[in-house]
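Engineer: This is the structure I want to talk about, given as structure tokens.
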Amino acid sequence: MSTILIGVDASERSEDAIAFARRLADASGAHLVLANAYPYSDVPNRASNATYREVLRDGSLEIVREMRGRLEGFPEARTTIKITANPSPAHALHTMAGVEDAALLVVGSTHTGHAGRVLPGSTGERLIHGSPCAVAVVPKDYRTQDEPIRRVGVAYNSSPEARAAAFAAGQVARGLGAELVVIGVADPMSYATPALMGGPSWESTRTDINRHVQDSLDALVAELPAGVTATTKRLTGDPADLLADYSSHLDVLVTGSRGYGPLRSVLAGGVSGRVLRSAHCPVIIVPRGVETGLGSLFDGATHSAAV
């Protein structure tokens, strides 16, 4: 059984994260772990205070128990609560994700963002970088939505990281009974420079690049496993802006990590980082060098349905 780790605190954004994680767990049979870190260091020092630690611990335990109550009707046997002492919530959740062998770590957006938009807070930003598993950031007020997950989008640019994200997204879409939309963007900056725009080859260059993007999308779709219903969407313009705008037509958007940095960890690049701050739907970033990861959520699932 796979595991989804949910970082929670005493805010409504945690309820948003729980709502999204539950949808995935209902379809995949995954185990849910609700986790909270309370701000105390167990390294002995002159500021150590056992009484204060117990107060913080009790408060943390109350938070995760209260948030577990938002899972009404979800099997108790598939739910665990975890608390830990750590001044850094992001570090604590990274550690828990490794210990629990989580396939996905889910957090909500900052309370200062707009409703229906993704905007990671300070903890979310730290979580995204260096996480040992895929990270999902859920839009503000997602808990109020009741539409099923019908369309899973994935950003694709032919890189190994994007390819891994596409196959993981395909497994998720198949497990949810949803359509996979493979999205490619032709960036005009690659051919609309002043030197190129002044010559007769500008139009042919633009046509060639658009054709190349479409060919790469079609080739990927042809390689997807049986049971994945996939379509393509080619866009032209600034990749981050277009992906964020197009996310309003999706229920989930999956992206790969930046193509450098440590293997088996998440590192948001310029495009994925910008998309995370303005997308209309939950965004999942898949770590580099992980062959199963997010896709393993639906390994061994006994049923699939759009939820």
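Engineer: Let me confirm something: among A10, A27, which residue is buried (at least 20 other Cβ atoms within 10 Å of the Cβ) and under 28 Å from L294 (Cα atoms)? Spell out how you get there, then give the answer.
Structural biologist: On the way: A10 fails: buried (at least 20 other Cβ atoms within 10 Å of the Cβ).
Answer to the check: A27.
Engineer: When segment 55-96 is examined, which residues are found to be of a type in the set (S, T, N, Q) and within 14 Å of I18 (Cα to Cα)?
Structural biologist: Looking only at segment 55-96, we keep the residues that are of a type in the set (S, T, N, Q), and these are 60, 79-80, 84, 86, 88, 95.
The answer is T79, T80.
Engineer: Would you list the helices (runs of 4 or more DSSP H) that sit entirely within segment 1-115 and hold 2 or more residues that are basic (K, R)?
Structural biologist: Numbers: elements: 12-28, 50-68, 89-99.
Those helices (runs of 4 or more DSSP H) span 12-28, 50-68.
Engineer: Filter segment 280-292 down to the residues that are surrounded by 24 or more Cβ atoms within 10 Å (Cβ to Cβ) and of a type outside the set (A, V, I, L, M, F, W, C), then identify the one that is modelled with the highest pLDDT.
Structural biologist: Step by step, filter segment 280-292, then rank; the result is P282.
Engineer: To continue, here is another question. I'm trying to understand the selection: among the residues of segment 50-74, which are in contact with a Leu (Cβ under 8 Å, 6 or more places away or on another chain) and of a type in the set (V, I, T)?
Structural biologist: Filtering segment 50-74 down to residues in contact with a Leu (Cβ under 8 Å, 6 or more places away or on another chain) leaves 64, 67-68, 71, 74.
The one that is in contact with a Leu (Cβ under 8 Å, 6 or more places away or on another chain) and of a type in the set (V, I, T): V64.
Engineer: Give segment 1-23 a look and list any residue that's in contact (Cβ under 8 Å) with a residue 60 or more places away in the chain and of a type in the set (A, V, I, L, M), or say none.
Structural biologist: Those that are in contact (Cβ under 8 Å) with a residue 60 or more places away in the chain and of a type in the set (A, V, I, L, M): M1, I4, L5, I6, A17, I18, A19, A21.
Engineer: Yes or no: D42 surrounded by fewer than 23 Cβ atoms within 10 Å (Cβ to Cβ), charged (D, E, K, R), modelled with pLDDT under 95 and out of contact with any helix residue (DSSP H, G or I) (no Cβ under 7 Å at 6 or more places or on another chain)?
Structural biologist: yes
Engineer: Suppose the filter is within 14 Å of the chain's Cα centre (by Cα) and outside any loop (DSSP other than H, G, I, E, B); does V181 pass it?
Structural biologist: Details: within 14 Å of the chain's Cα centre (by Cα): no; outside any loop (DSSP other than H, G, I, E, B): yes.
Criteria not met by V181.
Engineer: Here is a further query. Report yes if A226 is outside any loop (DSSP other than H, G, I, E, B) and at pLDDT 85 or above, otherwise no.
Structural biologist: On the way: outside any loop (DSSP other than H, G, I, E, B): no; at pLDDT 85 or above: yes.
No, not satisfied.
Engineer: Here is a follow-up. Could you list all residues from segment 244-260 that are surrounded by fewer than 24 Cβ atoms within 10 Å (Cβ to Cβ) and modelled with pLDDT under 85? Step through it out loud before you land on a result.
Structural biologist: Quick first cut of segment 244-260, residues surrounded by fewer than 24 Cβ atoms within 10 Å (Cβ to Cβ) only: 244-246, 248-249, 251, 258-260.
Correct list: R258, G259, Y260.
The values are calculated or read from the model by the stated rules, or taken from the named source; none is laboratory data. Everything numeric here is computed off the predicted structure, so don't read it as measured data. Glycine gets a Cβ as well: all are built from the backbone with ideal geometry, and neighbour counts include every protein chain shown.
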